[in-house]
Amino acid sequence: MLKMKKTFRYLLLLGALTGFASCLDEVPYGTYSNETFYNTEADAESALMYAYVPINYIDYCGRFLFFLSDVPTNQYKSYGKADESPLFQWDITPTSDEAIYFFKSAYVSLARTNSVLENVSRMTSISAMARNRILGEAHFLRAFNHFMLVINYGSVPIRSKTVSTVSDSYKDFAPIEKIYGFIIGELEEAIGLLPVNKVQGRADKVAAQALLARVYLYLASSKASGAPGYDWVADADDMYALAAQYASDVLEGQTVYRLDPDLGNVYDVDHQADGVEHIFMTSMNREASGMEGTYSQLPQMFAIQTGNIVYISSSLAGGGEVMKFMNYESGFQVMRVDNEFRDTYDDADLRKQLMVTTIYNEDGSVLATYDPSNLTSSDNVKNKFFYPFCRKYTDPKSNSNRTSANLYLIRFAEVALTYAEAAGPTEEGYKWVNEVRKRAGLGALPEGLSVADFREAVIQERIKELAFEGHGIYELRRLNRADERHITNKAFKPTYAYFYPAPQREMDLNPQR
């Protein structure tokens, strides 16, 4: 973490290396060039950090990932308010901000990543160990960004090299099959180059293995379910086997990461960097002085509007101890949890308590409770509030509206459930899904389930475990369930159910489209 923070002082220099040409690409300008900048290991590290930075952007994984992934699902409820994202009502078009800026941010990261790959590989003033690690992380980033693009937009341009001319920026929108082939190759390259090395905000070998397991699970289940766009996948069983293989490498092949036995630790912002659960997540800092993206405002996106500081129970077991919820005057109440979704959790499920229905005064007395009959914010904190809110992103030590709350991009629990779904009702498959259930306070799944019934049970476990973490619509898409049967609390529109539209400007500017 410290090493990562130190490298940010180089980012202003790197800003002179890459500008932005259209919404797809960055091109060199200013006094620095690739030839004059990439001289030392510190230079290479700084360039790599510069490639990571867009992942924290609010237009990308810092905020818009929630809008594109979870808001269109039953996890959140539309209350018909003017400040709602259009995605609450499935009103997304090629000119929607969410679609435009998410697309743009992925390609900003790709442009910077390609610069790292092309220039660090030719450096002679760097050790082989450092070169391999930096290149491995860059290959991971190139895979991660393309994966974010393909699961959102389907066919997109593949960016495998830097852009030096305007004509270079005109790239075909590649078939989905080709994009996945590229992603798999990049992750295999990353796995071969990277060590196991946990650093918050950065990827290592385990992150690459975990992402590759997710990729193969998406391919397997998309083929098995008949999801649109995946007819080209040859055999679902082969993909399931590969998903299980790479997930097993994570679960059994290293000792740095594991399932944290305490669910509270997973969402304790000051425990995450040194904890064992998080494999890849953003790196936010409540003390940062820059724009949002160096710090996070995620807690405010979920919290109710209160007008003052409120408190929530610090115990997921229902104890009386309370802790400061967040040190700011009011939430934005944008991400409004649907209580019908909350009700799908068993009352014994500790994860249900991650959706708050009671807030307290500092002395522990009840300040207000959730009341489903109150559909406006006018009565908030008089004695009731109008939606249960997610507490997965809280920072009791927040600096006004600046928090260290991170987005959880890859967790060990996800990999455990990936393995279980891919492996089916084997001894190991049961073991891993039951480990996740045990931590949540639930009993084991019944033995003797069929493959189909076991996988469905694991899928339901994924929905509950990974709720509000940027997986929602992608899970429905890969299962061929992005339809009005499974999205019931919104004005569902099927036009972009399985792939969002690429930005209109990019299609207009790209003659190869």
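Segment 205-223 to segment 89-158: how many Å between their Cα centroids? Centre-to-centre (Cα) distance: 17 Å. Ordered by the count of other Cβ atoms within 10 Å of each Cβ, fewest first, Thr344, Thr124 give Thr124, Thr344. For the chain, the share of DSSP beta bridges that are antiparallel, to the nearest 5, is 80%. Coupling constants for segment 431-440 follow from the phi torsions by the Karplus curve (6.51 cos²θ - 1.76 cosθ + 1.60, θ = phi - 60°), and in residue order they are 4, 6, 5, 6, 5, 5, 5, 4, 4, 7 Hz; glycine and proline get x. Dipole of the chain computed with +1 at Lys/Arg Cβ and -1 at Asp/Glu Cβ about the Cα centre; of Gly192, Val269, Ser125, farthest Cα towards the positive end is Ser125. Once you sort the root eigenvalues of the Cα gyration tensor of segment 142-246 as a ≥ b ≥ c, which label holds: rounded (a/c under 1.5), prolate (a/b larger than b/c) or oblate (the other case)? Note, shape of segment 142-246 comes out oblate. Per residue, the chain reaches -12000 deg cm²/dmol at 222 nm when only DSSP H runs of four or more residues are counted, each adding -39500 (n - 2.57). Counted by neighbouring Cβ atoms within 10 Å, the residues Thr357, Thr403 run from fewest to most as Thr357, Thr403.
Loop-located GluC sites (Glu not before Pro) across segment 416-513 with a Cβ neighbour count of 14 or fewer within 10 Å are Glu447, Glu484, with loop assigned by DSSP.
Computed from backbone phi, the HN-Hα couplings of segment 475-485 come to 5, 5, 5, 5, 9, 6, 10, 7, 8, 5, 6 Hz, rounded to whole numbers (Karplus: 6.51 cos²θ - 1.76 cosθ + 1.60, θ = phi - 60°; Gly and Pro given as x).
Loop-located trypsin sites (Lys or Arg not before Pro) in segment 87-134 (DSSP state other than H, G, I, E, B) with a sparse environment of at most 16 neighbouring Cβ atoms within 10 Å: Arg122. Between Arg505 and Gln89, the simple spin-label model (points 7 angstrom out along Cα→Cβ) gives 2.5 nm. If the segment from Thr165 to Gln245 were pulled out straight at 0.36 nm per residue, it would be longer than the present Cα-Cα gap by 24.6 nm. Positive end of the dipole of segment 419-501 (Cβ unit charges, origin at the Cα centre): among Phe454, Ala440, Gly472, the Cα lying farthest that way belongs to Gly472.
Around the Cα centre of the chain, unit charges on the Cβ atoms of Lys, Arg, Asp and Glu (plus for the first two, minus for the last two) sum to a dipole of about 800 debye.
When each of Tyr345, Tyr230 is scored by the number of other beta-carbon atoms lying within 10 Å, the sequence from fewest to most is Tyr345, Tyr230. For the chain, take the longest principal axis of its alpha carbons; what is the angle in degrees between that and the long axis of helix 205-225, to the nearest 10 within 0 to 90? Compared with the principal axis, the helix lies near 70 degrees. Suppose the Debye formula is applied to equal point scatterers at every Cα of the chain; what is log10 I(q)/I(0) at q = 0.05, 0.10, 0.12 Å⁻¹? After summing over all Cα pairs, the log10 values are -0.18, -0.78, -1.15.
Gain on full extension, evaluated as 0.36 nm per residue between Ser315 and Lys431 minus their Cα-Cα distance, stands at 39.1 nm. In this structure, the pairs whose alpha-carbon distance is over 23 Å, taken from Lys178/Lys464; Lys352/Lys438; Lys392/Lys464, are Lys178/Lys464. Between the helical axis of 412-423 and the longest alpha-carbon principal axis of the chain there is an angle of about 90 degrees.
A short reminder: the numbers here are calculations on the coordinates, not readings from a lab. Given the structure is predicted, the values throughout are model-derived calculations rather than measurements. FYI the Cβ positions are ideal-geometry reconstructions off the backbone, even for glycines, and counts take in every protein chain you see.
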